[in-house]
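Structure first, commentary second.
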Amino acid sequence: MRLIAGAEMLLLYPLLIIGLPLAAWRWRARIDYWFGVAFCTFFIVTFACVTPNLGSLYRMRYGYLMTLAAFGLAAIWMTLEERRTLRKI
C-alpha cells in the first residue's frame with residue numbers, strides 16, 4: 001500500500017503545486033472557482049484540526065483534496081490544449 005500511496009503523491013503534488021496556482025491565474029475572475037477552493041480548503045483544515053486518527057483523516061479529506069487536484073489538472077490540461085491549437089495555426 002505504501003507503493004501505491006507514493007505513486008499517488010507523485011501525481012498529486014505537482015497538480016497541487018503547479019496546477020492550483022495556474023488555475024488561480026486562469027480563473028481569477030470566476031467566483032465559482034474561488035467558492036470551490038474555499039469550500040474544499042475549509043473542510044480539509046477543519047478535518048485536520050478535529051480528527052486525531054491519521055487514517056481517518058486521510059479518508060475524510062480525500063474527496064476535497066481530489067477536487068483541488070482536479071482544478072489543477074483542468075488548468076494544466078486547458079493550457080496544454082491552447083498551446084497545441086496555437087501551434088497548429
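For this structure, a couple of remarks:
Conditions tested, residue by residue: (1) on the phi < 0 side of the Ramachandran plot; (2) among the hydrophobic types (A, V, I, L, M, F, W, C); (3) touching a Leu at 6+ places or on another chain (Cβ under 9 Å); (4) in a helix (DSSP H, G or I).
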site	(1), (2), (3), (4)
PRO14	yes, no, no, yes
GLY19	yes, no, yes, yes
ARG28	yes, no, no, no
PHE39	yes, yes, no, yes
PHE43	yes, yes, no, yes
ALA48	yes, yes, yes, yes
LEU57	yes, yes, no, yes
TYR62	yes, no, no, yes
GLU82	yes, no, no, yes
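- Only a single item in (1) modelled with pLDDT under 90; (2) surrounded by fewer than 17 Cβ atoms within 10 Å (Cβ to Cβ) is not met by ARG61, and it is number (2).
- Listed conditions (1) in contact with a helix residue (DSSP H, G or I) (Cβ under 6 Å, 6 or more places away or on another chain); (2) open to solvent by 50 Å² or more (accessible area, probe 1.4 Å) are all met by GLY72, apart from (2).
- Where TRP77 falls short, out of the listed (1) within 30 Å of ARG2 (Cα to Cα); (2) at pLDDT below 95; (3) hydrophobic (A, V, I, L, M, F, W, C): (2)
- Here ASN53 fulfils each of the conditions (1) in contact with a helix residue (DSSP H, G or I) (Cβ under 9 Å, 6 or more places away or on another chain); (2) at pLDDT below 90; (3) polar (S, T, N, Q) apart from (1).
- Put simply, of THR51, THR79 the only residue that is within 19 Å of LEU16 (Cβ to Cβ), open to solvent by less than 100 Å² (accessible area, probe 1.4 Å) and of a type in the set (S, T, N, Q) is THR79.
- Meets criteria (open to solvent by 80 Å² or more (accessible area, probe 1.4 Å) and not charged (D, E, K, R)) for LEU16: no
The values are calculated or read from the model by the stated rules, or taken from the named source; none is laboratory data. For clarity, every value in this text was computed on a predicted model and none was experimentally measured. As a convention, Cβ positions derive from the backbone with ideal geometry for all residues, glycine included, and neighbour counts pool all protein chains shown. These accessible areas exclude ligands, DNA and RNA; they are computed on the full protein's heavy atoms, side chains included. Shrake-Rupley method; radii C 1.70, N 1.55, O 1.52, S 1.80 Å.
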